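Here is the structure we will look at, set down as structure tokens.
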Protein chains: 2
Amino acid sequence: MKRIGFIGLGIMGRPMSQNLLKAGYTLTVYNRSKGAAEELASAGAKVAGSPRQVAAESDVVITMVTDTPDVEQVILGAGGVIEAAREGLVVIDMSTISPKVTRAISAKLSATGAQMLDAPVSGGDKGAREGTLTIMVGGPEAAFSDCLPILQAMGKKIVRMGESGAGQLTKLANQILVVGNMIGVCECLVFAKKAGLDQKLVIESLSAGAASSWSLVNLGPKAVDRDFAPGFKVKLLQKDLKLVLSSGDELDLALPSTSAAHQLYNALQAAGSGEEGTQALIKVFEQLAGLR
Amino acid sequence: MKRIGFIGLGIMGRPMSQNLLKAGYTLTVYNRSKGAAEELASAGAKVAGSPRQVAAESDVVITMVTDTPDVEQVILGAGGVIEAAREGLVVIDMSTISPKVTRAISAKLSATGAQMLDAPVSGGDKGAREGTLTIMVGGPEAAFSDCLPILQAMGKKIVRMGESGAGQLTKLANQILVVGNMIGVCECLVFAKKAGLDQKLVIESLSAGAASSWSLVNLGPKAVDRDFAPGFKVKLLQKDLKLVLSSGDELDLALPSTSAAHQLYNALQAAGSGEEGTQALIKVFEQLAGLR
């Protein structure tokens, strides 16, 4: 059984690493702040002093951090994974970051004999806790096959999308859908409100048919109840939308809907809602409608 | 068992009326062109010479025609339903039309002692054939309860949304969601194409998670396969979007997403795709992306 290292024990990384422990894997963890690492230690994980040490003591290193520079730091920075990289090591980055930077990191790891998979996830903290994440994977096929049991301990739908970067690109495609659906939900709910309809009843009656979406069913009721607690935070969605839009720029690709969504979420952040869940977008639509 | 009249035997009305026959109802039908009526006659329906005659021989009259003026014509026009309207008659309009005109027609029928329900549907010709339509109902509660078994012969999810017009308004809310989702699907699929991903694999991997929608699962594969045969025709969606936008105007409501969708569908109609299915919108996004 492969020895696993886990770097980044945040809202996603903590439950994901706990699922690996439950599946019986030996785990060495590293986290910038110590609290989360100690929690994992009490569940049986070993705590390392640096990403380099994690890599030295593992066959597979998983990184689950916030943004592109964080991944560059823990893999390529001083005391980083690359300092202990060697033939046989597989690095699985499950963060959502730039596909272009992913390919660059992958190339640098390859030069040491190590291999890299990009394997961002969707499904939120709920999917992380329940081990039902969707995992979109890019990178070498053999490394994917070797690591599939590990991914299966954290996710349910696991698909190899292509070579390095393809996982990240698929995650960005995911976010395009997510904001398209969310804009529809917000516009629909504000229309319902102004039209004098019962918003909850509208959600209920439309959830069974051709207008349905995960967002309508799961986030629509929260928006109506003004429950803005994050599943997925606005500021993290915005980070992802910037990645989508800069990939669009690189591809000469017009993304009118995602671009508009990003601007509307900017308005939401201006209103101080960056730490709220993405369903808080309803507030921007309510303002446009003169409802607040 | 109530005697039912059915006016409008098009792509939706034909299978809906056949489901009423299967459920054991006595049916009197009327259609502008004779072919569809004869088909129903051979299945056991009586054919009437006018909407008035349908109403005279029925306890409940269902109208399923294309647009607002068509409903006005068959109910209020010469030889229309209203000429045989009386206490005890219920008119159920299952077309998608103006909520405002619906209320006006309902008021005129009320003056004769008859009652009206607006009960537009979603689920397309497939839902009509399989009797699995979602039916969104506005109008008097007692008439709704009386007619529920009739609606259940045609649909699965049947919800009374409020007084007259509330069914139509809910259908418009449905269309707001439908185009929000569809724009997300088109933008996602074109992104996937330009990013070098396998579009079908993207649909498969994202259909299980937070990005999923009915449109992604059902229309995404058709768009990829360039199967533009209509489930739901672009020109009929455009008719509905005009109703949404004019309701928005009446309500002083900004509908940025639906408005943009309507304009993009105008571009699609300009390219000659009015008779194709709504998934043909992918062609506009492909042109924006320089893919055609």
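None of the figures in this text is laboratory data; all of them are computed from the coordinates on show. Because the structure is a prediction, the values reported are computed rather than measured. Cβ atoms come from the backbone with ideal geometry, glycine included; neighbour counts cover every protein chain shown.
Maximal additional length on extending the residue B:200-residue B:249 stretch stands at 13.7 nm, based on 0.36 nm per residue less the C-alpha distance. Each Lys or Arg adds one and each Asp or Glu subtracts one; over the other residues with Cβ under 13 Å from the Cβ of residue A:250, this totals +2.
For the protein assembly as shown, the spread of Cα positions along the three principal axes, ordered from largest to smallest, is 88, 43, 40 Å. With the simple model of a label 7 Å out from the Cα in the direction of the Cβ, residue B:269 to residue A:38 spans 6.6 nm. Copy-to-copy label distances for residue A:78, where each label lies 7 Å from Cα along Cα-to-Cβ, are 9.3 nm in order of increasing length. Each copy carries residue A:112; placing its label point 7 Å along the C-beta direction from Cα gives inter-copy distances of 8.3 nm, listed from smallest up.
With bins 5 Å wide beginning at 0, the percent of Cα pairs of chain A falling in each bin runs 1, 6, 12, 15, 17, 15, 12, 9, 7, 4, 2, 1, 0. Ascending distances from the residue A:39 label point to its copies in the other chains, with the point 7 Å along the Cα-to-beta-carbon line: 6.1 nm.
Local charge for residue B:113 was computed over the other residues whose Cβ lies under 12 Å away, with Lys and Arg +1 and Asp and Glu -1, and equals +1.
In chain B, the longest principal axis of the Cα atoms and the axis of helix B:256-270 are about 90 degrees apart. Among residues of chain A, the one whose beta-carbon sits closest to the A-to-B rotation axis is listed with its distance in Å as A:213, 2. When restricted to Cα atoms, region B:4-163 yields an Rg and a Dmax of 13.8, 38 Å, respectively.
Each Lys and Arg Cβ is given +1 and each Asp and Glu Cβ -1; about its Cα centre, region B:139-292 then shows a dipole of about 440 debye. In chain B, the longest principal axis of the Cα atoms and the axis of helix B:99-110 are about 10 degrees apart.
For chain B, the longest principal axis of the C-alpha atoms and the axis of helix B:234-250 are separated by about 80°. Pairs of C-alpha atoms in region B:169-289 farther apart than 21 Å represent 36 percent of all such pairs.
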